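Asker: Dropping the structure in here first, questions after.
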Amino acid sequence: MYQALLTRRYLTSKVMPLLAAIAVALCTAMVLIVWSVMGGFLAMLLAQGSSIIGDVAIAYPVIGFPHYDELIEELVQRPEIEAATPTIESLGLLAVSSDFGDDLEPRVVQVIGIRPDEFDEVTSFRERLWWRPLGASEDETEDWRRKEENQDAMARILEEGSTLSERDPVTGVAEPAMVIGIEVTRNNYRTPEGIYRPASAFTPQDRYTLSVLPLSRRGVAIQIEDRSLPVANEYRSGMYDADSKWVFLPFDMLQDMLKLSEARRVPADFTPGEIFEGPDGPMIKRPEATETVPARATNILIRAAAGFNARETEAAAEEVYERFAQNHQGYPLGPTWKENIVYVWEEKPGLKQFIAAVRKETGLVLVLFVFISFTAVFLVGAIFWSMVSEKTKDIGILRAVGAGRLGVAWLFVRYGLAIGIVGSLAGGALAWVIVSNINPIHEWLGETLGLYIWDPSIYYFTEIPSRVEPMKALIVLGGGVLFSALGALIPAARAASMNPVKALRFE
Amino acid sequence: MGALLEANNLYKTYRMGKVRVPVLRGASITLEAGEVVAVLGKSGSGKSTMMHILGGLDTPDKASSDNAASTVMFEGNELGRMSGAELDRYRARRVGFVFQFYHLLPELTVLENALLPAMAARGRVKYTHERTELRARATELLSSFGLGERLKHRPAELSGGERQRVAIARALINRPDLLLADEPTGNLDEVTGAGILDALLAHRSEAGCTMFIVTHDPKVAQRADRVVHLRDGVVVPEGQPEAV
Ligand SMILES: Nc1ncnc2c1ncn2[C@@H]1O[C@H](COP(=O)(O)OP(=O)(O)OP(=O)(O)O)[C@@H](O)[C@H]1O
Ligand SMILES: [Mg+2]
């Protein structure tokens, strides 16, 4: 009983415990912020990734699959699979207008040929088109999508983006168009609130030239294909890597550009330029196409049906692929290759290594910070040690009036717990305030001190994760309380083992 | 009236490096229930030491080649055989200490200081249950010592005499059978000292509590039932000539 009273009095009448509580608060805040941001980043990646690139992919880069429509037909018959769509992925070069002069700047881009409606069923393509009418609003006119006079144009642009076509305003003839990542041109200025505003040029009205390299089966460029295309809309996933690189084209168009559409093949032993004796004299022998090469897609993206996770869907897709490959012996790859070409989205080459690196990094940073926070144990320990020394006489008095050793030890452990609770709660609150406002804070740091810690080109997302998960908060705060109690333990043991007479005679 | 406490053959020697300071050398004393005994002795003669031993706060030396076994019996139970927890309970329930230098907790108010042994002797539940009663008793005790208006004050805001009275209230809160007071009037002027002694003796006649009062003050000794001297490590009754 006296412990509660004394804890309260000691806590409010001394500066030292206040310092200890502040140390605990800073440590818990530090760990919680790091965990929330790094862990939140990973969670964001895992949560958003699949809605950007689908749950499962079947991919055979460059060469691609023939009979993909047949494969898709079989895939969607499985209950695990909700939808599937073919895509073609290739490297490309986009010449964009720059803010400086009339010169065009080339950008290396990832060109993705999609069937927009199907693609939207597998990913959330339409949702991520940036330019769209958001309803007129007077006080948010900084956002172009909310300007009264833009509403009609935005509606049209959204429609054009989701069909990858643009209608000529004069003739009314529709022509194929691109959708490009919102960070591709760098003509959009991102405000601290995360809104994009056209800096000078409004991209969707521009026309850019896209070049791709059709490759032979040996991976050698056959020629350069280029098209000048209008930009229908811009795409924003929030994942910097996609937003700064991706260019969407109509599937058929890219297939054509990359020479992946249906073709006829000449026999391998045909010798060009061979002359033979025709009925009317010598003639050049004409190749006779004996074989039709079917059209190909490089990727098939799959969305899992409700109730099935990506792994189950992957297994289903592997089965379907195995059967499919058996029916089309020898081309492109046999059934045993299923392990390599069917994968859940997290295992997409490049992304997989990145996710693994982030996981490791998060773990490492967390361990490091917890280790640093361990200093709080010693800090609390040191402060309590001196408190016990200072309170030696009190300990003697308590023992004289009948307090037991355990009771005296509990007094100090309890006191440590109280400091831990006060400190952890304060630290949790601090972390919450900082994490919730981390994007404005980061922006402010950048503007006033030139300190940009979060580089979107490294961290994928243009925004820093800003959510404190209750579970994490609970663990960190619990840790803070535990560490404080731990720090109080040795001084408490010392207090308990004090000889009461010596304590009373202590000057 | 049987003996409440019987201390036999107490030895206590402090060692400081090679130097041995023998303080108690076979001191014995018997306290009858309800009697007030005054203990006189020179400074450094071991009065406080003996009081600590009787209160179970300190232990006498173990038997060795120099000395026979020391024992302290309280109501027939030997303190030396009690466990730590039993000793804690003995101090909490049966004994009240008044120290030479008040020894109040500076962070607690007058009332809280007086209640401290009541808290230490009870668990949280029991204390909460009896809280109103105990507070009433503490208030009454402090009022009877003229501190009724000072309940919320801190010890630092009190005079020496007032602090000593708080210490006495604290010693009496659990209605101990044995009060051990170490120079309760030591630092006080004659009038205040007499007042404190009045308060103590009034309490004795009311509760029948046995008192062991260490003092230098002949006036205090006069009012005790019995006076003993602590001299050369042993207890000698008053009037007995000094040992050679
Ligand atoms: N921890 C210790 N180590 C060494 N010597 C000690 C220790 N505690 C007490 N002493 C010595 O024991 C002797 C008796 O001390 P004690 O406090 O019992 O005397 P006292 O009779 O109460 O004196 P006073 O009247 O001055 O209060 C003193 O000489 C003191 O120096
Ligand atoms: Mg003394």
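Asker: Among the residues of the stretch B:214-225, is any closer than 23 Å to B:Thr109 by Cβ and not β-branched (Val, Ile, Thr)?
Answerer: no
Asker: Looking only at residues that are within 21 Å of the chain's Cα centre (by Cα) and small (Gly, Ala, Ser) in the stretch B:132-147, which one is surrounded by the most Cβ atoms within 10 Å (Cβ to Cβ)?
Answerer: B:Ala138
Asker: State yes or no: is B:Asp217 open to solvent by 10 Å² or more (accessible area, probe 1.4 Å) and more than 16 Å from ligand 2 (Cβ to nearest atom)?
Answerer: The answer is no for B:Asp217.
Asker: Among residues belonging to the stretch B:27-53 that are open to solvent by less than 30 Å² (accessible area, probe 1.4 Å) and in contact with a Gly (Cβ under 7 Å, 6 or more places away or on another chain), point out the one that is farthest from ligand 2 (Cβ to nearest atom).
Answerer: B:Gly34
Yes/no matrix, rows are residues, columns are (1) of a type in the set (Phe, Trp, Tyr); (2) free of Cβ contacts under 8 Å to residues at least 60 places away in the same chain:
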{"residue": "A:Arg167", "(1), (2)": "no, yes"}
{"residue": "A:Ala174", "(1), (2)": "no, yes"}
{"residue": "A:Met178", "(1), (2)": "no, no"}
{"residue": "A:Tyr189", "(1), (2)": "yes, yes"}
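Asker: Please determine, by comparing only the residues of the stretch B:178-196 that are more than 16 Å from ligand 1 (Cβ to nearest atom) and open to solvent by less than 10 Å² (accessible area, probe 1.4 Å), which one is nearest to B:Gly160 (Cα to Cα).
Answerer: Looking at residues that are more than 16 Å from ligand 1 (Cβ to nearest atom) and open to solvent by less than 10 Å² (accessible area, probe 1.4 Å), I get B:Ile196.
Asker: Which of the following residues is touching a Cys at 6+ places or on another chain (Cβ under 8 Å), surrounded by fewer than 17 Cβ atoms within 10 Å (Cβ to Cβ) and either acidic (Asp, Glu) or within 25 Å of B:Ile29 (Cα to Cα) (or both): B:Arg175, B:Arg226?
Answerer: Every option except B:Arg175 fails the conditions.
Asker: Having 3 or more residues that are out of contact with any Phe, Trp or Tyr (no Cβ under 9 Å at 6 or more places or on another chain) and either among the basic types (Lys, Arg) or in the same structural domain as A:Ser466 (by TED's automatic domain parsing) (or both) is the bar; report the helices (runs of 4 or more DSSP H) wholly within the stretch A:1-86 that clear it.
Answerer: Qualifying helices (runs of 4 or more DSSP H): A:2-13, A:16-53.
Asker: Looking at the stretch B:222-244 only, could you name the residues that are at pLDDT below 90 and in contact with a Leu (Cβ under 6 Å, 6 or more places away or on another chain)?
Answerer: B:Gly233, the sole residue that qualifies.
Asker: Here is a list of conditions, (1) under 30 Å from A:Lys472 (Cα atoms); (2) in the same structural domain as A:Ile490 (by TED's automatic domain parsing), and A:Gly404 meets all of them except one; can you say which number that is?
Answerer: So A:Gly404 meets the others, but not (1).
Asker: All but one of (1) closer than 27 Å to A:Met1 by Cβ; (2) away from ligand 2 (no atom under 16 Å from the Cβ); (3) assigned to a helix (DSSP H, G or I) hold for B:Gln164, so report the exception by its number.
Answerer: The single condition B:Gln164 does not satisfy is (2).
Asker: Another question about this same structure. For the stretch A:112-194, which fully contained strands (runs of 3 or more DSSP E) count at least 2 residues that are open to solvent by less than 10 Å² (accessible area, probe 1.4 Å) and in the same structural domain as A:Pro440 (by TED's automatic domain parsing)?
Answerer: Once the strands (runs of 3 or more DSSP E) in the stretch A:112-194 are filtered for at least 2 residues that are open to solvent by less than 10 Å² (accessible area, probe 1.4 Å) and in the same structural domain as A:Pro440 (by TED's automatic domain parsing), nothing remains.
Asker: Right, next: Residue pairs, Cβ under 6 Å, 6 or more apart or interchain, first in the stretch A:245-267 and within 14 Å of A:Val212 (Cβ to Cβ), second assigned to a loop (DSSP other than H, G, I, E, B) and open to solvent by less than 50 Å² (accessible area, probe 1.4 Å). List them.
Answerer: Note: pairs meeting the criteria are A:Pro250/A:Leu164; A:Gln255/A:Ser261; A:Leu258/A:Pro214; A:Lys259/A:Pro214; A:Leu260/A:Gly64; A:Ser261/A:Ala295.
Asker: Specify which of the listed residues (B:Leu178, B:Leu200) is more than 16 Å from ligand 2 (Cβ to nearest atom) and under 17 Å from B:Ser48 (Cα atoms).
Answerer: After ruling out the rest, the residue left standing is B:Leu178.
Asker: Looking at A:Gly92, is it away from chain B (no Cβ under 14 Å), in contact (Cβ under 8 Å) with a residue 24 or more places away in the chain, within 30 Å of A:Val433 (Cβ to Cβ) and open to solvent by less than 30 Å² (accessible area, probe 1.4 Å)?
Answerer: no
Asker: I want to confirm something. Restricting to the stretch A:367-378 and keeping residues that are aliphatic (A, V, I, L, M) and at pLDDT 85 or above, which single residue is surrounded by the most Cβ atoms within 10 Å (Cβ to Cβ)?
Answerer: A:Val377
Asker: Modelled with pLDDT under 90, farther than 30 Å from A:Leu213 by Cβ, of a type in the set (Gly, Ala, Ser) and open to solvent by 50 Å² or more (accessible area, probe 1.4 Å): is that true of A:Ala23 in this structure?
Answerer: No.
Asker: The conditions are (1) open to solvent by less than 50 Å² (accessible area, probe 1.4 Å); (2) away from ligand 1 (no atom under 16 Å from the Cβ); (3) in contact (Cβ under 8 Å) with a residue 40 or more places away in the chain, and B:Met82 fails exactly one of them. Which is it?
Answerer: B:Met82 satisfies every listed condition except (3).
Asker: Okay, moving on. Got at least one residue in the stretch A:25-38 being more than 30 Å from A:Arg296 (Cβ to Cβ), within 14 Å of chain B (Cβ to nearest Cβ), in contact (Cβ under 8 Å) with a residue 60 or more places away in the chain and touching a Gly at 6+ places or on another chain (Cβ under 8 Å)?
Answerer: Looking for residues that are more than 30 Å from A:Arg296 (Cβ to Cβ), within 14 Å of chain B (Cβ to nearest Cβ), in contact (Cβ under 8 Å) with a residue 60 or more places away in the chain and touching a Gly at 6+ places or on another chain (Cβ under 8 Å), one finds none in the stretch A:25-38, hence no.
Asker: Related question: Would you confirm, using the coordinates I've provided, whether A:Gly181 is in contact with a Ser or Thr (Cβ under 7 Å, 6 or more places away or on another chain) and not acidic (Asp, Glu)?
Answerer: yes
Asker: Here's another thing I want to ask about it. In this structure, does B:Leu87 turn out to be facing chain A (nearest Cβ under 10 Å), farther than 23 Å from B:Ser143 by Cα, within 17 Å of the chain's Cα centre (by Cα) and within 16 Å of ligand 2 (Cβ to nearest atom)?
Answerer: Spelling it out, it is not the case that B:Leu87 is facing chain A (nearest Cβ under 10 Å), farther than 23 Å from B:Ser143 by Cα, within 17 Å of the chain's Cα centre (by Cα) and within 16 Å of ligand 2 (Cβ to nearest atom).
Asker: If B:Thr210 satisfies every condition in (1) over 13 Å from the mean Cα position of the chain (by Cα); (2) of a type in the set (S, T, N, Q); (3) within 13 Å of B:Gly96 (Cβ to Cβ); (4) away from chain A (no Cβ under 14 Å) but one, which is the exception?
Answerer: It fails just one condition, (1).
Asker: Which one of these does B:Arg175 not meet: (1) outside any strand (DSSP E or B); (2) within 11 Å of the chain's Cα centre (by Cα); (3) within 14 Å of chain A (Cβ to nearest Cβ)?
Answerer: (2)
Asker: Taking the stretch B:108-131, which residues are among the polar types (S, T, N, Q) and either more than 9 Å from chain A (Cβ to nearest Cβ) or open to solvent by less than 40 Å² (accessible area, probe 1.4 Å) (or both)?
Answerer: B:Thr109, B:Asn113, listed by residue number.
Asker: Tell me yes or no: at least one residue of the stretch A:325-334 is more than 43 Å from the chain's Cα centre (by Cα), buried (at least 19 other Cβ atoms within 10 Å of the Cβ) and of a type outside the set (D, E, K, R).
Answerer: Among the residues of the stretch A:325-334, not one is more than 43 Å from the chain's Cα centre (by Cα), buried (at least 19 other Cβ atoms within 10 Å of the Cβ) and of a type outside the set (D, E, K, R), which makes the answer no.
Asker: Tell me the helices (runs of 4 or more DSSP H) entirely within the stretch A:388-456 that contain at least 1 residues that are within 12 Å of chain B (Cβ to nearest Cβ).
Answerer: In the stretch A:388-456, the matching helices (runs of 4 or more DSSP H) lie at A:392-400, A:405-436.
Asker: Within the stretch B:32-49, can you find the residues that are more than 7 Å from ligand 1 (Cβ to nearest atom) and either within 14 Å of another protein chain (Cβ to nearest Cβ) or more than 18 Å from B:Thr185 (Cα to Cα) (or both)?
Answerer: B:Glu32, B:Ala33, B:Gly34, B:Glu35
The values are calculated or read from the model by the stated rules, or taken from the named source; none is laboratory data. Nothing here was measured: the structure is a model prediction, and the numbers come from that model. Positions of Cβ are backbone-derived with ideal geometry, glycine not excepted, and every protein chain shown enters the neighbour counts. All accessible areas refer to the heavy atoms of the entire protein, side chains included, with ligands and DNA or RNA removed. Shrake-Rupley method; radii C 1.70, N 1.55, O 1.52, S 1.80 Å.
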